[in-house]
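Heads up, the thing below is written out as structure tokens.
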Amino acid sequence: MTKGQKVDTDLIVSGGQAYKGSAKEIVTLSLMLAEKASQMDKSVFNILRDRMGINPKTFSKLKVIGERMSEISDTKRREVIKQLPASYSTIYLLCSLSPEELISASKAKSITPQISLRKAKDYIQQVRFPKAAATDSERGRWGLKQKHLYSVMRPEDASISEEVKQSLEAALRRVCRDYGVSLQMPKSSETARLIQDERRTKGMFWKSILQKELTARWFNKMPDLTKKQFNLKNVGELYEAPLRTFTGFIIRAEGGTDIFWDKHGEAFVAKLQMLSEVDDNAAQRYNYRRRLEQVMERHTKLAIFNNVTLKNGGFV
């Protein structure tokens, strides 16, 4: 399409002072200038600039504002404008943020009509370089003035590439900004503690399931000779027994593997789950999880039991 050659007289009249008005007036003028820049030849556009009486540096800033704001949908742009100050210099600075970052900042009220140029610079620094901008109370630990809301965990046996990890971190930071909270990277010692706490919680949960499946009353009914053979004095010792002792006792006491799977498959799943969380050896925990996967592949009923129990416990 041929670029327009005519200078817009109405724009000259209305826009001469608009950049000194409200945020809405500034953005409206800026959008019109950005649109004209795409329609006019450069020489004609320069004539427009000169006739409006706006110095080239200011004119250039308004054009940048218009170009950035044109990348935001009408509905979201109106919400962003409500949070902008009546200062074209500050709005220009904020337009160094991406459209998504501007939208997020307005939602979280990180930018307000009262924001100063200095505050805007600080905020952009925080967005661009969050680690450098963090205060001492925020760097890698939960400060006294903050509250820990969530932890993001991955399965111990699942790998994640550095590229994917960086992408995840960037996405989490965007979401956090939307809700006015911050993402903080814990120290390695804190990460280890969080993982240990999570495993301990799940281990205790599965032990409670095991206790429901194998009660003291059931244990007391089992043959005394079998208890003596496996050196088990009470059901508590069975809960803590090595896996081989655990399965061997139940199979011998109940009379075979068929009865074991039919009556006590759920208890076996609970035992495997508990061991996969509480064992100190990472390789052994992995082996327990592999064994659990094999069991659930062969026994649909136990797979359903496992998934329903995890869901009811709030772990999925």
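Readers should treat all values here as calculations from the given coordinates under stated rules, not as data from a laboratory. All figures in this text were calculated on a predicted structure; none of them were measured in a lab. Methodologically, a virtual Cβ is constructed for each residue, glycine included, from the backbone with ideal geometry; neighbour enumeration extends over all protein chains shown.
In this structure the amide hydrogen of Met40, modeled in the peptide plane, comes within under 5 Å of the amide hydrogens of Gly4, none closer than 5 places in sequence on its chain. State whether the stretch 204-248 is rounded, prolate or oblate according to the following rule on the C-alpha gyration tensor (a ≥ b ≥ c being the square roots of its eigenvalues): a/c under 1.5 gives rounded; otherwise a/b larger than b/c gives prolate, and the remaining case gives oblate. Oblate is the answer for the stretch 204-248, as a/c is 1.5 or above yet b/c matches or exceeds a/b. For the stretch 188-312, the alpha carbon convex hull comes to 111 Å³ per residue, rounded to a whole number. Averaged over residues, the count of other Cβ atoms within 10 Å places the peptides 31-38, 53-60 in the sequence 31-38, 53-60, highest first. Local charge for Phe59 was computed over the other residues whose Cβ lies under 10 Å away, with Lys and Arg +1 and Asp and Glu -1, and equals +3.
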